[in-house]
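Structure first, then comments.
Derivation of every value follows stated rules applied to the coordinates shown; laboratory data play no part. Remember, it's a predicted structure, so these values are computed and weren't measured experimentally. Heads up, the Cβs are rebuilt from the backbone with ideal geometry, glycines too, and the neighbour counts pull from every protein chain shown.
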Amino acid sequence: MAIFSGLVYQGGLLSTSFHRVYFKDGTKRVENLPGSRWKFPLGIQLNSYLGNGAFLRNYYRFYMDGFGVLSNTFEMELPLKLSPSFTLSPSLRFYTQRGSRYFQRYGEHSPQKKFYTSDYDLSSFNSYEVGLETKLEGISKKPESLFNNFGVRYFFYLRSDGLKAHTITLLFDFFAPRTGEWKNLLSQ
């Protein structure tokens, strides 16, 4: 089990100049946010061995900041070592966020407000992510081999505001020989 915490202070330009905000009266301006904020994350990770090459990795994270964002994240991963060289890892992630006090949707901001944004990353939403990773380790037992491990990850992401994404990642693990060994490897 591990506990992670921190306190972060940001100062400077925290607004994004390409985010346009449309007000109730039909006017528009560039996003304006305070010039500083603090962030407080607190995470807990608990890994358990279930036997027969199976592990359960659980992770919970609480987050709050000076903009009024409050979020909770729960992740679970179940790596299954099916053979000494092959691992299959299904995973699930759930995230919920209460939006910033400065967020309003398109055309809902009052022009009298000092700070305002319509960036949906600062809105209230839930997201879900399911994934599967396969990993093949120790492909080549030869010490001079450059290629050692291979993996594929697939994730599907769904956000309550309609955002959807599919992600495929290829993972390659290469052996980096010491200086001088490259010449011998390239000449073979």
For this session: With springs connecting C-alpha atoms under 10 Å apart, model the chain as a Gaussian network and identify which of SER91, SER124, SER83 has the largest mean-square fluctuation.
Result: SER83
Seminar exercise, completed: Scalar couplings 3J(HN,Hα) for the range 130-137 by Karplus 6.51 cos²θ - 1.76 cosθ + 1.60 (θ = phi - 60°), nearest whole Hz, x for Gly and Pro, are 10, x, 9, 10, 10, 9, 10, 10
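Only bridges whose two residues both fall in the chain count here: according to DSSP, what percent of them are antiparallel, nearest 5?
Working: 76 of 78 bridges.
Roughly 95 percent of the beta bridges in the chain run antiparallel, per DSSP.
What ranking of MET1, MET76 emerges when the number of other C-beta atoms within 10 Å of each C-beta is taken as an exposure proxy, fewest first? Write down the numbers at each step before the final one.
Details: MET1 8, MET76 14.
With the fewest neighbours first, MET1, MET76 line up as MET1, MET76.
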Problem set entry | Euclidean distance between Cα centres, the range 52-88 to the range 20-37, Å | 36 Å
Exercise. Taking amide H positions as placed 1.01 Å from N in the peptide plane, with prolines and chain starts having none, which residues 5 or more places from GLY99, or on another chain, fall under 5 Å of its amide H?
Worked result: SER124, PHE125
Problem set entry | Per-residue HN-Hα couplings for the range 36-41 [Karplus 6.51, -1.76, 1.60; θ = phi - 60°; Hz; x = Gly/Pro] | 8, 7, 10, 10, 10, x
Exercise. Long-range amide H contacts for LEU14: which residues qualify at under 5 Å (H placed 1.01 Å from N, peptide plane, sequence gap of 5 or more or a different chain)?
Worked result: none
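May I ask you to sort LEU171, LEU14 by Cβ crowding, counting other Cβ atoms within 10 Å and putting the fewest first?
Lowest count first: LEU171, LEU14.
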Seminar exercise, completed: Here the relative contact order (percent) of the chain, from C-alpha pairs under 8 Å and at least 6 apart, is 16 percent
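So, counting K/R as plus one and D/E as minus one, what does the shell of residues with Cβ under 12 Å around ASP65 add up to? Could you put the intermediate results ahead of the total?
Details: positive: ARG37, LYS39, ARG98, ARG101; negative: none.
With Lys, Arg at +1 and Asp, Glu at -1, the net is +4.
Around LYS114, what is the net charge, scoring Lys/Arg as +1 and Asp/Glu as -1 over all other residues with Cβ under 15 Å from its Cβ? All intermediate terms of the calculation are to be shown ahead of the outcome.
Working: positive: ARG29, ARG37, ARG101, LYS113; negative: GLU31.
Result for the local shell: +3.
Please arrange HIS166, HIS19 by counting, for each residue, the other beta carbons lying within 10 Å of its beta carbon, fewest first.
Arranged by neighbour count, lowest to highest, HIS166, HIS19 become HIS166, HIS19.
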For this session: Pop out the ³J(HN,Hα) list for the range 67-76 in order, Karplus 6.51 cos²θ - 1.76 cosθ + 1.60 with θ = phi - 60°, rounded to Hz; leave Gly and Pro as x.
Result: 8, x, 6, 9, 9, 9, 10, 10, 10, 9
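If we count every other residue with Cβ under 11 angstrom of LEU80's Cβ, Lys/Arg +1 and Asp/Glu -1, where does the sum land?
Values: positive: LYS81, LYS135; negative: GLU77, GLU133.
Residues near LEU80 contribute 0 overall.
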